[in-house]
1. When you go through ALA55, ALA13 one by one, which is the residue that is out of contact with any helix residue (DSSP H, G or I) (no Cβ under 8 Å at 6 or more places or on another chain) and modelled with pLDDT of 95 or more?
2. Return the residues of segment 175-193 that are open to solvent by 40 Å² or more (accessible area, probe 1.4 Å) and more than 20 Å from ASP139 (Cβ to Cβ); say none if nothing qualifies.
3. Can you name the residue in segment 138-174 that is closer than 30 Å to ARG68 by Cα, of a type outside the set (Lys, Arg) and open to solvent by 50 Å² or more (accessible area, probe 1.4 Å) and is also nearest to the chain's Cα centre (by Cα) among such residues?
4. When only residues in segment 22-50 that are open to solvent by less than 50 Å² (accessible area, probe 1.4 Å) and touching a Pro at 6+ places or on another chain (Cβ under 6 Å) count, which is farthest from ARG119 (Cα to Cα)?
5. If THR324 passes every condition in (1) open to solvent by 80 Å² or more (accessible area, probe 1.4 Å); (2) farther than 24 Å from PRO191 by Cβ but one, which one does it miss?
6. Could you please give the count of residues in segment 190-213 that are more than 20 Å from PHE106 (Cα to Cα) and within 15 Å of the chain's Cα centre (by Cα)?
7. If you check ASN289 against the conditions, is it open to solvent by less than 20 Å² (accessible area, probe 1.4 Å), under 30 Å from GLU126 (Cα atoms) and modelled with pLDDT under 95?
8. What tally of residues in segment 51-84 results from selecting those that are free of Cβ contacts under 8 Å to residues at least 60 places away in the same chain, part of a loop (DSSP other than H, G, I, E, B) and open to solvent by 50 Å² or more (accessible area, probe 1.4 Å)?
Amino acid sequence: MSLPTHFTLNTGAKIPAVGFGTWQAKPGEVERAVETALKAGYRHIDCAAIYRNEAEVGEGIRASGVPRQDIFITGKLWNTKHAPEDVEAALDKSLEDLDTEYLDLFLMHWPVAFNGKSRKWFPLRENGVFDLIDIDPADTYKAMEKLLNTGKVRAIGVSNFTINRLDDLLSKTSVVPAVNQIEVHPYLQQPSLFDYCKSKNILIEAYSPLGNNQTGEPRTVDDSLVGELGKQLGLDGGQLLASWGIQHGHVVLPKSVTPHRIQSNLQVQELSKDAYEKLTGLERHKRFNQQSRWGFDIFEELGQAKVTKIAEDAAEANKEKFTT
């Protein structure tokens, strides 16, 4: 039995099981990477306003020659645009940059709102702490629900939401999110969240399916077991972990700007029961993407007091790092 090439959203739409991630792809690189990906056979491009490269992604889509209707495009609402009156304008900017009339999927990127009045992507208070504002994600999501009637988006969803945050959102809104995009790889499997989303017919998408090197720690793909199994099966680490993810039942979003790697990440295959279980056995609840310096306990794991302390300790460094 081969791996599924697509999953089905709760809207009935088909979404390709392997998407091409555009995070950390520089504007000068991403146009060529997207063109290469589409020519290699990808039909799913994962974008976000905060990646600040959507115009170049649009250029890559045009250069590929692949018809728009054959591509599944995801966009994401950034934290500074959570005020309900700002949501549609934020979508319109992404549509303009991507040069498309609609998104197949529009996600709330994070369950935290930044003060958008300064027009900076990462607004800080005078002391260097992130300038957060109190907007209920449900209010933001209700504004996203209204977009479904405009034809500008075909499905909506969320990203980085916990069970508690999803429960709260569902109690206040009408449209069940089509997707919850979260960090998933064998080191971080989050089975309770998976089971919850499955029970609500919310599809999981995995960003950082290989782990990532933001923290400078060894990535999941660098694990010795991944290397050993890859050699046995004739797969590189990216192919192996993408295959594991799809077999696990979720969309995977590998990213690369290297033509060979872009092509190889698409070459997934069903793993033997033994190989799949060995990879699943790597679970250690290792999260590479914390964002705790924002001062908000996004994943409800650290506690607000600890996150506040982390944010305060990072304040001076923030002034140097976050200037836009």
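The values are calculated or read from the model by the stated rules, or taken from the named source; none is laboratory data. Note that the coordinates shown come from a computational prediction; the quantities given were computed from them, not determined experimentally. Positions of Cβ are backbone-derived with ideal geometry, glycine not excepted, and every protein chain shown enters the neighbour counts. The area values use the complete protein model at the heavy-atom level, side chains included, leaving out ligands, DNA and RNA. Shrake-Rupley method; radii C 1.70, N 1.55, O 1.52, S 1.80 Å.
1. Answer to the check: ALA13.
2. PRO191, SER192
3. LEU148
4. The residue in question is THR36.
5. (1)
6. So the count comes out to 4.
7. Here the answer is yes, as ASN289 does meet what is asked.
8. Of the residues in that region, 2 qualify.
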